[in-house]
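The values are calculated or read from the model by the stated rules, or taken from the named source; none is laboratory data. All of these numbers come straight from a predicted model, not from anything done at the bench. Here Cβ is always computed from backbone atoms with ideal geometry, including for glycine, and neighbour counts include all displayed protein chains. For accessibility, only protein heavy atoms count, side chains too; no ligands or nucleic acids. Shrake-Rupley method; radii C 1.70, N 1.55, O 1.52, S 1.80 Å.
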Amino acid sequence: MKISDYKFAGKKAIVRVDFNVPLDENGKITDDTRIRGALPTLKYILDNGGALIIMSHMGKPKGKVNAKMSLSQIVDAVSAALGVPVMFAPDCAKAHEAATSLKAGEVLMLENLRFYPEEEGKPVGIDKEDPAYDEAKKEMKERQKTFAKTLASYADCYVMDAFGTAHRKHASTAVIADYFDQDNKMLGFLMEKEVAAVDAVLSDIKRPFVAVMGGSKVSSKIGIIENLLGKVDKLILCGGMTYTFSKAHGGEIGGSICENDKLDVALGVEELAKKNGVELVMAPDAVCGDSFSNDANRKVFPSDAIPAGWEGMDAGPEAQKRFADALRGAKTILWNGPAGVFEFDNFCEGSRAIGNAIAEATANGAFSLIGGGDSVACVNKFGLADKVSYISTGGGALLEAVEGKVLPGVAAIKG
Ligand code: AMP
């Protein structure tokens with residue numbers, strides 16, 4: 001079913017959104033991109049006479065109640081964004097009564113789904129190596145079905161609009177769909193838009209296609225890096241992950257972040273790039289700090305000659321030029337992961353240089369797709385949000401979609 005064809009009048013819709021927004025130490029939202037992203041779907045349902053049951057996760061409470069990750073903290077913000085009062089169900093699995101009494105135009109938000117281990121469906125407190133693990137997993141999968149069925153019982157239809165978690169086969173993102181027939185389950189507008197943005201990039205790649213992958217670890221991005229090496233013309237690797245590459249070549253990296261057990265992985269990436277004729281672009285120099293803080297003393301060193309007592313925290317001036325050169329003339333751009341510790345104002349210039357170069361290429365006709373919480377935060381920090389083509393609310397989900405994988409959250413709706 002397409003959301004724009006569904007008759008919401010008099011119906012209760014349970015909508016999975018991604019309200020996993022960053023909060024400061026006082027529980028205040030620091031970036032509401034994800035809430036704004038869900039508004040078109042939520043408002044559409046209300047405007048068309050439906051009642052809303054909103055469900056989401058927040059953080060990683062690992063199946064236990066954790067006040068710091070309570071969605072009660074964002075009720076007021078969601079209410080302000082929607083322009084209607086939002087009721088709160090403090091236990092997502094015991095909201096039947098509250099859901100039953102909902103009337104058209106009313107909104108109920110459920111507490112963090114991940115306070116229940118059933119949401120993720122992974123057995124807790126048992127090691128994967130334990131001989132009883134498989135049995136525990138089977139049992140948890142059954143409990144997950146029951147949990148999903150409970151959530152489904154609150155509503156007449158199910159709307160999946162949480163792109164950020166669409167790559168997970170969780171109770172609320174996929175399993176729940178089994179309890180609605182084809183005519184009563186659908187993707188929300190955000191999901192439709194996200195899926196279309198990925199399609200726009202992949203179905204008709206305009207070249208040169210330049211991807212920028214940054215962040216702290218090569219291990220968490222190796223799948224997408226290898227995959228991109230089969231698609232892109234140039235790959236800019238930046239951020240903390242690149243010190244693993246320097247080390248693999250025998251470079252001195254001081255106290256820079258490094259995955260010592262992934263040196264072979266780094267060399268493998270270089271080999272694959274060579275084999276595929278992809279130009280790998282990495283930072284020749286690094287802005288280093290003498291401690292991991294914004295106020296650290298700063299000095300620029302070659303990326304493979306960082307002395308002890310210093311750690312690479314941002315791309316150096318020469319690197320910034322190289323990154324900008326590599327992006328100039330690009331016609332398709334994908335950016336995921338910062339070029340340094342961008343959260344510190346004194347170490348964000350490399351990420352800013354990438355953002356500016358992407359904005360310039362976009363002005364010259366490139367389609368630029370930005371995804372992942374940190375890259376989105378960069379684009380917002382540098383005031384470039386309206387100078388790129390598309391900002392995805394997904395990190396892992398976006399990368400898996402770009403890898404060409406069918407997301408479980410999409411498969412659950414489309415079959
Ligand atoms: P990831 O979660 O792997 O995407 O990485 C994002 C994080 O990497 C951000 O919080 C950055 O601050 C961090 N990061 C980027 N470059 C470095 C670096 N050179 N040293 C330490 N952390 C870094």
Geometric extent, Cα atoms of the chain - Rg, Dmax (angstrom) = 22.6, 68
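Distances longer than 23 Å among the Cα atoms of the range 197-297: what percent of all pairs is that? Before the final figure, lay out each step's value.
On the way: 1562 of 5050 pairs.
For the range 197-297, the share of Cα pairs beyond 23 Å comes to 31 percent.
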Modelled FRET efficiency - R0 30 Å, residue 386 with residue 279, Cβ distances, 0.05 increments = 0.50
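Rounded, prolate or oblate: which fits the range 256-385, taking a ≥ b ≥ c as square roots of the Cα gyration tensor eigenvalues, rounded meaning a/c under 1.5, else prolate when a/b beats b/c? If you can, show how the numbers build up before the last one.
Numbers: a/c = 1.88, a/b = 1.18, b/c = 1.59.
Judged from the Cα gyration tensor, the range 256-385 comes out oblate (a/c at least 1.5, b/c at or above a/b).
Within the chain, which is the longest segment that contains none of the trypsin sites (Lys or Arg not before Pro) sitting in a DSSP loop with at most 14 other Cβ atoms within 10 Å?
On the way: sites that count: 7, 28, 62, 64, 103, 128, 206, 328.
Result for the longest clean stretch: 207-327.
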Cα gyration tensor shape for the range 334-397, rounded if a/c is under 1.5, else prolate or oblate = oblate
So how exposed is residue 271, as accessible area in Å² (1.4 Å probe, rounded to 10)?
-> 130 Å²
Mean accessible area per residue over the range 260-415 (1.4 angstrom probe, all protein chains present, square angstrom) is 42 Å²
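Where Lys and Arg each count +1 and Asp and Glu each count -1, what net charge lies around residue 198 among other residues with Cβ under 13 Å from its Cβ?
Summing Lys/Arg as +1 and Asp/Glu as -1 gives -3.
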Please turn the phi angles of the range 385-396 into ³J(HN,Hα) values with the Karplus equation 6.51 cos²θ - 1.76 cosθ + 1.60 (θ = phi - 60°), one per residue in order, whole Hz, x for glycine and proline.
-> 4, 8, 10, 10, 6, 8, 10, 7, 7, x, x, x
For the range 130-178 and the range 349-370, what is the separation of their C-alpha centers, rounded to whole Å?
-> 38 Å
Any chance you could list P(r) for the range 20-105, counting all Cα-Cα pairs in 5 angstrom bins from zero, rounded to whole %?
-> 2, 12, 24, 24, 21, 12, 5, 1
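Across all directions of projection, what mean area in square nanometres is found for the Cα convex hull of the range 313-352?
Values: hull surface 11.5 nm².
Result: a mean projected hull area of 2.9 nm².
Pulled fully out, how much extra length does the chain show between residue 64 and residue 36, if you take 0.36 nm times their separation in residues and subtract their Cα-Cα distance?
Details: separation 28, 0.36 × 28 = 10.08 nm, distance 2.77 nm.
Separation in residues times 0.36 nm, less the Cα-Cα distance, equals 7.3 nm.
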Report, ordered by chain and residue number, the lysines lying within cross-link reach of residue 43, taken as a straight Cα distance under 17 Å and ignoring same-chain residues fewer than 8 apart.
-> 2, 7, 11, 12, 103, 193
With a sphere of radius 10 Å drawn around the Cβ of residue 20, what net charge do the other residues whose Cβ falls strictly inside it have (Lys, Arg +1; Asp, Glu -1)?
-> +2
Listed residues 85, 415, 351: farthest to the positive end of the dipole of the chain (Cβ charges) = 415
Express the C-alpha Rg of the range 1-155 as a ratio against the empirical globular expectation 2.2 N^0.38 Å, rounded to two decimals.
-> 1.12
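Quick check: at a probe of 1.4 Å, how many percent of the accessible area of the chain sits on carbon and sulfur atoms? Don't jump to the answer; show the numbers that get you there.
Working: 9020 of 17990 Å².
Of all accessible area on the chain, carbon and sulfur atoms account for 50 percent.
Assuming R0 = 60 Å, can you tell me the calculated FRET efficiency for the pair residue 149 and residue 325, based on Cβ-Cβ distance, to the nearest 0.05?
Efficiency for this residue pair is about 0.60.
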Helix-only [θ] at 222 nm, the chain, -39500 (n - 2.57) per DSSP H run of 4+, per residue, nearest 500, equals -10500 deg cm²/dmol
How large is ³J(HN,Hα), in whole Hz, for each residue of the range 301-310 in order, when computed from phi with the Karplus curve 6.51 cos²θ - 1.76 cosθ + 1.60 and θ = phi - 60°, using x for Gly and Pro?
-> 10, x, 4, 10, 9, 9, x, 4, x, 10
In square angstrom, rounded to the nearest 10, how much accessible surface does residue 100 have for a 1.4 Å probe?
-> 90 Å²
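Output the Kirkwood hydrodynamic radius of the range 189-254, Cα pairs only, in Å rounded to one decimal.
13.8 Å
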Under a point spin-label approximation (7 Å from Cα along Cα-to-Cβ), what is the residue 94-residue 406 distance to one decimal in nm?
-> 3.9 nm
Radius 15 Å from Cβ of residue 362, net charge of other residues (Lys, Arg +1; Asp, Glu -1) = +2
